[in-house]
Amino acid sequence: MNNYILTKNKTTWNAIADSFFGVTALPTYGCLCPTEDELRLFPDLSSKKVLDIGCGSGHSLKWCGDHGATELFGLDISERQLENAQRFLAENGYAPKLFCSPMEENPGLPTGYFDVVYSIYAIGWTVDLQKTFDLISDYLKPGGVFIFSWDHPFMHCVDIQDDKLIFSGSYFEQEPFTFMRTGSGKGAGRSPAVYEEGGNPLTLYNRRLSDYINALALAGFAVEKVVEETDKATLELDASFSSEYYAPCKAKHFPLSLIVKARKIIK
Ligand SMILES: C[S@@+](CC[C@H](N)C(=O)[O-])C[C@H]1O[C@@H](n2cnc3c(N)ncnc32)[C@H](O)[C@@H]1O
């Protein structure tokens, strides 16, 4: 089942890669949430080795290079994303080491090597969270930092209807679900889909906050910060109802994105 999901997701990511060029990248962590410019979760990157999990078009790696990182490594399941990243980073004077692989496997990355491993809106694509966190822990030096952002777990089960928050699903739901992306960028939405429909379906596992925190602990991490915030501008907005998946009217009531910083302490 999981191999089937990875194969299908890879095909879709290859097909939609060009429409994701630089869409979610540092200093942006996610949707209507504070940026790295405000949060300052990253250490000083001067002379540091960094690895981006689900590096997409390479825009976050460029941000790291611009902030002094000397070795830029990226991993992504999509060849097309990596072609775009290679071109974009070369155009900006960087020579990254890019690996085409699911994050659930080590394609030959060095272990005990990186100062910082991060993942901007990609970690939730894993079909095996524990294995992925265990690998990330292996890649890091002792004391190294892991930062990731992803949809807040409320996103899969809470909705807005007529100005009211409703539980439209179950927080405990752990079955994978398949959807079709509609629109792009901030206006992107999701509609239910089945593989047989054709098009570009994507499949994800829902996870609870505790799934992330407990998997980090098992992988030898100490959590240093969990960010569940909506940015100031959105909170001050007079946001009327809208049916977008990442709607400001939702963000005024709960965080759309989750950001976690952890440090490798054992392993
Ligand atoms: C929203 S994009 C991330 C954008 C990227 N962080 C940036 O800075 O531009 C999600 C990325 O995760 C990748 N991805 C999806 N499933 C994956 C998996 N199992 N292993 C590795 N990468 C995966 C996709 O190909 C896509 O490039």
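For this structure, a couple of remarks:
- Residue that is farthest from Arg208 (Cα to Cα) [pool: residues in region 234-267 that are open to solvent by less than 70 Å² (accessible area, probe 1.4 Å) and assigned to a helix (DSSP H, G or I)]: Thr234
- Filtering Leu98, Leu51, Leu75 for residues that are surrounded by fewer than 24 Cβ atoms within 10 Å (Cβ to Cβ) and among the aliphatic types (A, V, I, L, M) leaves a single hit, Leu98.
- Members of region 205-219 found to be crowded, with 19+ Cβ neighbours inside 10 Å and not in a helix (DSSP H, G or I), listed by number: Tyr205, Asn206, Arg207, Ala219
- Exactly one residue among Trp150, Trp125 is at negative phi and more than 9 Å from the ligand (Cβ to nearest atom), and that residue is Trp150.
- Just one of the numbered conditions (1) open to solvent by less than 50 Å² (accessible area, probe 1.4 Å); (2) out of contact with any His (no Cβ under 9 Å at 6 or more places or on another chain); (3) more than 9 Å from the ligand (Cβ to nearest atom) is not true of Ser57: (3).
- None of Leu45, Leu39 is of a type in the set (A, V, I, L, M) and open to solvent by less than 10 Å² (accessible area, probe 1.4 Å) except Leu45.
- Some residue of region 18-34 being of a type in the set (A, V, I, L, M), away from the ligand (no atom under 11 Å from the Cβ), over 14 Å from the mean Cα position of the chain (by Cα) and open to solvent by less than 60 Å² (accessible area, probe 1.4 Å): yes
- Residue in region 169-181 that is within 11 Å of the ligand (Cβ to nearest atom) and open to solvent by 20 Å² or more (accessible area, probe 1.4 Å) present: yes
- Candidates Ala222, Ala188 - the one that is aliphatic (A, V, I, L, M), modelled with pLDDT under 95 and over 17 Å from Phe154 (Cβ atoms): Ala188
- For region 198-216, the criterion of a residue being small (Gly, Ala, Ser) and modelled with pLDDT under 85 is satisfied by at least one position.
The values are calculated or read from the model by the stated rules, or taken from the named source; none is laboratory data. None of the values given here were measured: they were computed from a predicted structure. Backbone-built Cβ (ideal geometry, glycine too); neighbour counts: all protein chains shown. We work out accessible area using only protein heavy atoms, side chains counted, and drop any ligands, DNA or RNA first. Shrake-Rupley method; radii C 1.70, N 1.55, O 1.52, S 1.80 Å.
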